[in-house]
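Taking it in order: structure first as structure tokens, then the write-up.
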Amino acid sequence: MNHELDFPAGIWETFAKSRPPVRCSPGYLIYLQDTEATCFYFLKSGRVKSFIQSEDGGERVLNLYTAGSLFGEASFFDELPRVSSALALTPCEIVPIDRELVTQEFARNPELALAMMKYLARTVRLLSGQVDQMAFRPARWRVANYLFTLSPAGGPLSCTQEDIAAAVSASRVTVSRVLNEFARQGWVALGYRTIALQKPEELKKLCLS
């Protein structure tokens with residue numbers, strides 16, 4: 001879910017100015033759940049997913065990140081083992097941000113430190129919202145909320161039904177049924193590994209109902 005909608009565009013790019021990006025191929029595991037967080041990352045280009053895995057191999061997607069996002073920051077700042085893993089979904093360029101770099105940038109720009117505190121608070125709110133929707137909301141609401149928060153202005157999304165199912169704790173069959181219902185209503189258009197949001201305002205109405 002996109003929880004940085006009202007942050008200034010390009011706010012995190014300052015982290016990428018003094019470090020060359022690392023290039024990752026699709027399927028590259030950037031970090032692993034339960035490992036030490038020695039850095040977090042700025043996503044310069046590409047798409048990354050964060051997810052958690054249960055002991056029996058089950059997976060739940062927590063977030064899908066696009067260019068301009070930060071990820072892996074929560075465990076970096078609380079200095080505890082990572083609670084999730086991160087995987088490159090497409091060719092990516094990522095910039096690792098270690099303690100030396102973040103201290104340097106915060107000293108240079110205190111407003112960036114305040115923005116980071118707000119970003120971390122949004123992460124907590126995001127996870128609280130996910131717990132709420134898993135526990136109390138029907139699948140139709142969860143799918144609509146997921147799509148709308150990814151693209152509140154509408155337009156194409158590059159994601160699969162499996163991605164959505166993992167993110168909203170529903171079966172792929174259930175997600176397929178809900179998406180086809182939305183398509184019949186003209187809210188979305190379904191393509192190969194893409195979903196175009198044609199009437200995001202209708203998804204928002206459903207989420208508010």
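The values are calculated or read from the model by the stated rules, or taken from the named source; none is laboratory data. Keep in mind that what you see is a predicted model, and the values were worked out from it rather than measured. Neighbour counts are summed over all protein chains in view; Cβ atoms, including those assigned to glycine, are modelled from backbone coordinates with ideal geometry. Note: areas computed on protein heavy atoms with side chains; ligands, DNA, RNA excluded. Shrake-Rupley method; radii C 1.70, N 1.55, O 1.52, S 1.80 Å.
Here is how the numbers come out for the structure above:
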item: Matching residues in segment 78-90 - criterion: being closer than 20 Å to F15 by Cα and either at pLDDT 90 or above or part of a strand (DSSP E or B) (or both); result: A86, A88
item: Some residue of segment 12-34 being modelled with pLDDT under 85, under 19 Å from M116 (Cβ atoms), part of a loop (DSSP other than H, G, I, E, B) and open to solvent by less than 80 Å² (accessible area, probe 1.4 Å); result: yes
item: Verdict on G68 being under 14 Å from T38 (Cα atoms) and among the small types (G, A, S); result: no
item: Selected residue (criterion: farthest from Q161 (Cα to Cα)) from residues of segment 67-97 that are open to solvent by 20 Å² or more (accessible area, probe 1.4 Å) and touching a residue at least 60 places away in the same chain (Cβ under 8 Å); result: P96
item: Sole exception among (1) on the phi < 0 side of the Ramachandran plot; (2) touching a residue at least 60 places away in the same chain (Cβ under 8 Å) for S45, by number; result: (2)
